[in-house]
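Pasting in a structure now, in structure tokens, and then I'll have a few things to ask.
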Amino acid sequence: MEWQELRERAQTRGVTLAPVEAHLAADLEKAFAVAASQRAEAVLSFSDTLTYIFAGRVAELAFVNKLPLMSPFRETTNAGGLISYGPDIPDLGRRSASYIDKILKGANPAELPIEQPTKFELAINVKTAKALGLDVSTNLLARADEVIE
């Protein structure tokens with residue numbers, strides 16, 4: 001979801017968003033410090049290379065700053081983030097193999113259709129929820145693909 005759309009949806013629900021950016025790994029600590037100083041109640045991490053590669057650091061900084069973290073990457077939740085919902089990255093890799101096969105067999109890459117992810121995962125870290133003093137509903141836990149105790 002693009003930032004503008006997210007902001008519009010938040011406004012209709014009475015939620016205030018305060019963007020904090022990090023473009024390099026060195027920016028992450030400052031970004032979380034800024035969010036904490038602005039008294040953020042939670043952090044929503046966007047899907048980008050930085051937050052995927054440094055999923056563990058992102059989760060650590062969120063936890064240290066006592067900020068519940070939602071990420072599109074299960075790796076972040078495995079590393080201590082609160083919740084993730086996003087495409088199954090290994091499945092995307094497997095699906096890309098068919099594109100590579102077609103290209104190696106002579107297909108023109110410009111003529112191949114663009115595909116959207118079809119498999120999504122919801123992961124919840126109950127251990128992190130407890131450490132942050134949060135209760136996770138049993139209904140949400142029942143819907144999760146992975147619950148980390």
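Short version: ³J(HN,Hα) in whole Hz for each residue of the stretch 63-78, in order, from phi by Karplus 6.51 cos²θ - 1.76 cosθ + 1.60 (θ = phi - 60°), x for Gly and Pro, what are they?
Once θ is set to phi - 60°, the couplings for the stretch 63-78 become 5, 4, 8, 6, 10, x, 10, 10, 9, x, 10, 4, 4, 5, 5, 4 Hz.
Now for a different question. Can you give the local net charge around Ala62? Use residues other than it whose beta-carbon is closer than 13 angstrom to its beta-carbon, Lys and Arg +1, Asp and Glu -1. Present the calculation step by step, with values, prior to reporting the outcome.
Details: positive: Arg57, Lys66; negative: Glu29, Glu41, Glu60.
Charge balance near Ala62 sits at -1.
Go ahead and estimate [θ] at 222 nm for the chain from helices alone: -39,500 (n - 2.57) per DSSP H run with n ≥ 4, summed, over the residue count, rounded to 500.
On the way: 8 runs with 68 residues, N = 149.
Here the helix-only value at 222 nm equals -12500 deg cm²/dmol.
From Cα pairs below 8 angstrom and at least 6 apart in sequence, can you work out the relative contact order of the chain, rounded to a whole percent? Walk me through the numbers on the way to the answer.
Working: 191 pairs, mean separation 24.9, N = 149.
Rounded, it is 17 percent for the chain.
Here's a follow-up. Would you mind counting up the charge near Thr16? Only other residues with Cβ under 11 Å from its Cβ, with Lys and Arg at +1 and Asp and Glu at -1. If you can, show how the numbers build up before the last one.
Values: positive: Arg7, Arg13, Arg39; negative: Glu41.
With Lys, Arg at +1 and Asp, Glu at -1, the net is +2.
Given the Cα-Cα distance of Asp101 and Gln38 and 0.36 nm per residue of separation, how much length would full extension add, in nm?
So the chain would gain 17.8 nm between Asp101 and Gln38.
For Asp88 and Asn108, FRET efficiency with R0 = 35 Å and r from the beta-carbon atoms, rounded to 0.05?
My answer for the efficiency is 0.80.
While we're on this one: Return the long-range amide H neighbours of Leu122 (sequence gap of 5 or more, or a different chain), with a cut-off of under 5 Å between placed amide H atoms.
For Leu122, the qualifying residues are Asp145, Glu146.
Karplus couplings for the stretch 139-145 from phi (6.51 cos²θ - 1.76 cosθ + 1.60, θ = phi - 60°), rounded to Hz, Gly and Pro as x?
Those phi angles translate into 5, 5, 4, 5, 8, 5, 6 Hz.
Every number here is computed from the coordinates shown, using simple stated rules; none is lab data. These numbers were taken from a predicted model, which means no experiment stands behind them. Note: ideal-geometry Cβ built from the backbone for every residue, glycine included; neighbour counts use all protein chains shown.
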